[in-house]
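The structure under discussion appears below in the form of structure tokens.
The values are calculated or read from the model by the stated rules, or taken from the named source; none is laboratory data. Every value quoted in this text rests on a predicted model; they were computed, and no experiment measured them. Here the Cβ positions follow ideal geometry from the backbone for every residue, glycine too, while neighbour counts run over all protein chains shown. Accessible surface areas use protein heavy atoms only, side chains included; no ligands, DNA or RNA. Shrake-Rupley method; radii C 1.70, N 1.55, O 1.52, S 1.80 Å.
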Amino acid sequence: MNATFEAAIAGSSKSTRWPGWLPLFILPAAAFLLRDRAPAWAFMWALSFSVFAGLKWMSWWMARERVPHTAARSTAYLLAWPGMDAEAFLAARHPAKPRSQTWLWAAAKTALGILLFWVIARRIPAEQVLLRGWVGLFGLIFLLHFGSFHLISLFWRAMGIDAEPIMAKPIVSKTLAEFWGKRWNLGFRQLAHEFVFKPLQKHVGVTVAGLLVFIVSGLIHDLVISVPARGGYGLPTAYFIFQGLGVTFERSTLARRLGLRGATPSRIFTILITAAPAFWLFPPPFVLRVIIPFMHAIHAL
């Protein structure tokens, strides 16, 4: 079976690309059927998963033509790995085995997420509902993106599969460009670079292509955040446009003259630009209408 599958993959280089994009349109459209039939939090998860699944399929569809692999490896990539670097996962590489300290660190981040989401958030006074929601939201981010996804990465690397963590220690970023380009959510970064930046930069230049990547990211976040919340429209997109402008400014002559190229000023600049407007990314309507009801639904509050 595997030999037959590999032969089919090897001979598929001339196949059309449209089937790779089709789920990205069909799945979110299907998720919209739940908008008025399910709680906002359920619609948010359905919409988020549909976008993720569509992007996941697209990344696999494009890589399958270039990388010989088995059916089992494809299944694992599609169903049991949150990253988007299909070529790395499918290829017959042999990454270094993770050390025990790395396992402990990933487990600690997962535990912190659980603590924030199920313990600390409910200890915040009920009248401070917005703070409760933000604490729970960051707990969820730690539980998934920093913790559980890191554990999954370690599992696959222990199995001899190249599955790098999607969060590459963003806290140690020296610049804003490093934060967004090399350390934060490398799954989306991989797709954005492949399908947005590379096709556009030859026509509009590096700077404009980079800004367009941030705009696309903002629009996707608006889709899965503002639409389920029915409010806060445009704020996630504004957040990412602000990040793109920050990266552009960071590379400018004026930034160099102001001393932002130094290690400490650059780190401070990165923290301020990413953290100060974070409420644009997760505006109050999303926290109050989606996150808080979700936390009640799963008994976190």
Subset of region 60-98, residues in a helix (DSSP H, G or I) and either open to solvent by 10 Å² or more (accessible area, probe 1.4 Å) or among the basic types (K, R) (or both), comes to W60, W61, A71, A72, R73, T75, A76, L78, L79, A80, E87
Selection from region 212-240 of residues that are surrounded by fewer than 21 Cβ atoms within 10 Å (Cβ to Cβ) and part of a loop (DSSP other than H, G, I, E, B):
R230, G231, Y233, G234
Report whether or not A126 is more than 27 Å from S217 (Cα to Cα) and modelled with pLDDT under 95.
yes
Which numbered condition in (1) part of a helix (DSSP H, G or I); (2) in contact (Cβ under 8 Å) with a residue 60 or more places away in the chain; (3) among the aliphatic types (A, V, I, L, M) is the only one that I268 fails?
(2)
Which residue out of A30, A42 is of a type in the set (G, A, S), surrounded by 15 or more Cβ atoms within 10 Å (Cβ to Cβ) and more than 22 Å from F146 (Cβ to Cβ)?
A42
Note: among S153, S148, just one is surrounded by fewer than 19 Cβ atoms within 10 Å (Cβ to Cβ), closer than 22 Å to A106 by Cα and among the polar types (S, T, N, Q), namely S148
Which members of region 156-177 meet the condition of being without any contact (Cβ under 8 Å) to a residue 40 or more places away in the chain, open to solvent by 20 Å² or more (accessible area, probe 1.4 Å) and more than 24 Å from R73 (Cβ to Cβ)?
K169, I171, V172
How about region 109-141: which of its residues are assigned to a helix (DSSP H, G or I) and without any contact (Cβ under 8 Å) to a residue 12 or more places away in the chain?
V119, R123, L131
Of all the residues that make up region 286-301, how many are of a type outside the set (D, E, K, R), in a helix (DSSP H, G or I) and open to solvent by 30 Å² or more (accessible area, probe 1.4 Å)?
4
Enumeration of residues in region 161-187 that are touching a helix residue (DSSP H, G or I) at 6+ places or on another chain (Cβ under 7 Å) and in a helix (DSSP H, G or I):
P170, L176, A177, F179, W180, G181, R183
Given the structure, is L245 under 15 Å from F179 (Cα atoms) and open to solvent by 20 Å² or more (accessible area, probe 1.4 Å)?
yes
Within region 99-113, take every residue that is crowded, with 16+ Cβ neighbours inside 10 Å and aliphatic (A, V, I, L, M) and give me the one that is nearest to I291 (Cα to Cα).
L112
All but one of (1) over 23 Å from M44 (Cβ atoms); (2) exposed (fewer than 14 other Cβ atoms within 10 Å of the Cβ) hold for A278; which doesn't?
(1)
